[in-house]
Amino acid sequence: MEVFRAETGKRLKVSKKFESLSFLKAELEQLSGVPISSQILITGAGIQLRDDIDVKNERIFLFNRELLDSNITMNIESLNEKLLLEPPIIASITTFATEKAQKSSALNILNISDECGTYANLFQKNHSQGQMFISKSFLSSKSFIKAAAIHTELCERLYQEQRVQLIALDVALSNLDSHCRSIVEVHEVFNAISEKEISKQNMLVKSLPIDIEIIRNISVHPELLKSAGITVNSQKSYSLADFVSLDEFTTLAEKGRDAYGQLSRSVQELENTVQYVKLGTETVKKKKYNNNFSKMESSLIQIRERFAKLRKHAETIERDLSRVQSKISEILKSNARSLSSQSINTFEALAEYHAKEYLPDMQGIDEWLREQVAFFVKCK
C-alpha cells in the first residue's frame, strides 16, 4: 500500500500494517498534519476508503477536506514547493601562466620542485572543483558533481510528484463523477414521484373554494349536536356552516396554499441544485489543465545527458590529476634539475584545456541545471 498527499504528490511513509482505518488516519495526521476530521482517503479506483476495503496493494490518496471549503482560511501557499538550491559554485579557473607568475614573483626563480608543485596545485584545484570524490570518504563541498546530482534528483522528484498530482486529480474527478451520477439517478426517481404528488396537490389547491363550499354544506345530525351538549331546534336542519365560519375555512385554505407553494419551491430548488452539480461536474471534467509534462519530459532527457557529460568531465579531470601526480613523482625521484620541454608543453596544454574547456563547460551545466530546477518548481 502506498499513500500520497493528493495536493502535493508527496509520498507518506506509513506502517505496513494497521488494525483499522482509524489507526491509519491517526498515523496520517502525524505525518501530514491533516486532522482526522478533514481527511478524505480515496483509492486509485476512485473509491472512498472504508474499513471493509482491502488496501494491501492499493494506492491511496489523502485529500484535505479543509481545502474544499469555498471560505478557506488556511494558507495554501504553505503547500507550494520551495526553491531550494545548493550554494552557488564559481569555478576558480587558474591557468598555469597565472599560477607560475604568482610563484615567480614571490621566489624570483622557480626551481624544479616549485615548478612541479605549481602544476600539482593547479590540477588539484581543478580536480576538487570537478569531482565528487577525491577519495571514497571525502566529499568536496564545492563539487559540481555533488550539486548537479542533487539538482538532477530534485527535478526527477518534482516530475514524479506532479505525475502523482495528476493521477490524484483524475481520481478526484472520477469520484466526483460517480457522486454526480448517484445524485442524478436518485433525483430522477424522487422527481417522478414528486411530480405526480405536486400535480395532485395543485388540483386540490385549485378546487379549494368549491371544496370549502361543499364542506360547509355538509349536514350535521341533531343527535351529534345533542351528544356534544349543543341545544338544537328539532324543526331546523344544521350544516357545518352553522358552527364554523367562512373565515376559519378561508384561513385553513390559505395555510394549505402556503404549504403547497413552499413544497413546490423546495422541489424546484432541489432540481436547480442537481442541475448545478451536473453542469459543474461536466465543466470541471472538460477543463484543460496546463501541466507542461511534455516540456518537462524533454527537459529531463537533457538534464540526464548534461549530468552524464558533467560526470565524464569530472572523471577526465580525475584521470588527468592522477597522471600528472604520477609524472611529477617520477620527475622528482629522477633528481632532474629542470622539467623537459615535452613535460612543460604537456602540462601546460592539459592545464590550459582544463581552464578553457572543462571547467567553463561544467560551470555552464551547473547554472543551466539550477534554471531547470526553478522551472520544475514553477510547474509544480
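The values are calculated or read from the model by the stated rules, or taken from the named source; none is laboratory data. All values reported here derive from a predicted model rather than from experimental measurement. Glycine also receives a Cβ, built like all others from the backbone with ideal geometry; neighbour counts cover every protein chain displayed. Only protein heavy atoms, including side chains, enter the accessible area calculation; ligands, DNA and RNA are left aside. Shrake-Rupley method; radii C 1.70, N 1.55, O 1.52, S 1.80 Å.
Which residue pairs have Cβ atoms closer than 9 Å, lie 6 or more positions apart in sequence or on different chains, and pair a first residue in the range 208-231 that is at positive phi and in contact (Cβ under 8 Å) with a residue 40 or more places away in the chain with a second residue that is assigned to a helix (DSSP H, G or I) and surrounded by fewer than 11 Cβ atoms within 10 Å (Cβ to Cβ)?
Going by the 9 Å Cβ cut-off, there are no qualifying pairs.
Does the range 34-52 include one or more residues that are assigned to a helix (DSSP H, G or I) and within 21 Å of Asn80 (Cβ to Cβ)?
Yes, some residue in the range 34-52 is assigned to a helix (DSSP H, G or I) and within 21 Å of Asn80 (Cβ to Cβ).
Looking only at the range 280-289, which residues are touching a helix residue (DSSP H, G or I) at 6+ places or on another chain (Cβ under 9 Å) and either farther than 19 Å from Leu176 by Cβ or assigned to a helix (DSSP H, G or I) (or both)?
Residues satisfying the conditions are Gly280, Thr281, Glu282, Val284, Lys285.
Which members of the range 1-47 meet the condition of being more than 19 Å from Ala172 (Cβ to Cβ) and aromatic (Phe, Trp, Tyr)?
Across the range 1-47, the qualifying residues are Phe18, Phe23.
For the range 167-186, check the following and say yes or no: at least one residue is basic (Lys, Arg) and within 25 Å of Lys295 (Cα to Cα).
No, there is no match, as no residue in the range 167-186 is basic (Lys, Arg) and within 25 Å of Lys295 (Cα to Cα).
Would you mention how many residues in the range 302-318 are surrounded by fewer than 17 Cβ atoms within 10 Å (Cβ to Cβ) and under 18 Å from Arg370 (Cβ atoms)?
5
Within the range 22-35, count every residue that is under 15 Å from Phe63 (Cβ atoms) and out of contact with any Pro (no Cβ under 8 Å at 6 or more places or on another chain).
8
Check Glu297 against each of (1) within 24 Å of the chain's Cα centre (by Cα); (2) surrounded by 11 or more Cβ atoms within 10 Å (Cβ to Cβ); (3) in contact (Cβ under 8 Å) with a residue 24 or more places away in the chain; (4) assigned to a helix (DSSP H, G or I) and name the one condition it does not meet.
(2)
I'd like to check something: does the range 56-66 contain any residue that is surrounded by 11 or more Cβ atoms within 10 Å (Cβ to Cβ) and at pLDDT below 85? Full working, then the answer.
We begin by selecting, within the range 56-66, every residue surrounded by 11 or more Cβ atoms within 10 Å (Cβ to Cβ); these are 58-66.
This time we only want the ones that are at pLDDT below 85, so: 58.
Scanning the range 56-66, I find at least one residue that is surrounded by 11 or more Cβ atoms within 10 Å (Cβ to Cβ) and at pLDDT below 85, so the answer is yes.
Just wondering, is there one or more residues in the range 314-333 that are touching a residue at least 60 places away in the same chain (Cβ under 8 Å), farther than 15 Å from Thr346 by Cα and touching an Asp or Glu at 6+ places or on another chain (Cβ under 8 Å)?
So far as the range 314-333 goes, no, none of its residues is touching a residue at least 60 places away in the same chain (Cβ under 8 Å), farther than 15 Å from Thr346 by Cα and touching an Asp or Glu at 6+ places or on another chain (Cβ under 8 Å).
Has the range 336-343 got at least one residue that is of a type in the set (S, T, N, Q) and at pLDDT 85 or above? Working first, answer last.
Taking the range 336-343 as the starting set, the residues that turn out to be of a type in the set (S, T, N, Q) are 338, 340-343.
Narrowing the set further to residues that are at pLDDT 85 or above leaves none.
For the range 336-343, residues of a type in the set (S, T, N, Q) and at pLDDT 85 or above: absent.
Of all residues in the range 369-380, how many are more than 21 Å from the chain's Cα centre (by Cα) and buried (at least 16 other Cβ atoms within 10 Å of the Cβ)?
Matching residues across the range 369-380 total 2.
Can you tell me which residue among Thr251, Thr281, Thr273, Thr231 is over 30 Å from His187 (Cβ atoms), modelled with pLDDT of 90 or more and either open to solvent by 80 Å² or more (accessible area, probe 1.4 Å) or out of contact with any strand residue (DSSP E or B) (no Cβ under 8 Å at 6 or more places or on another chain) (or both)?
Criteria check complete, one pass: Thr251.
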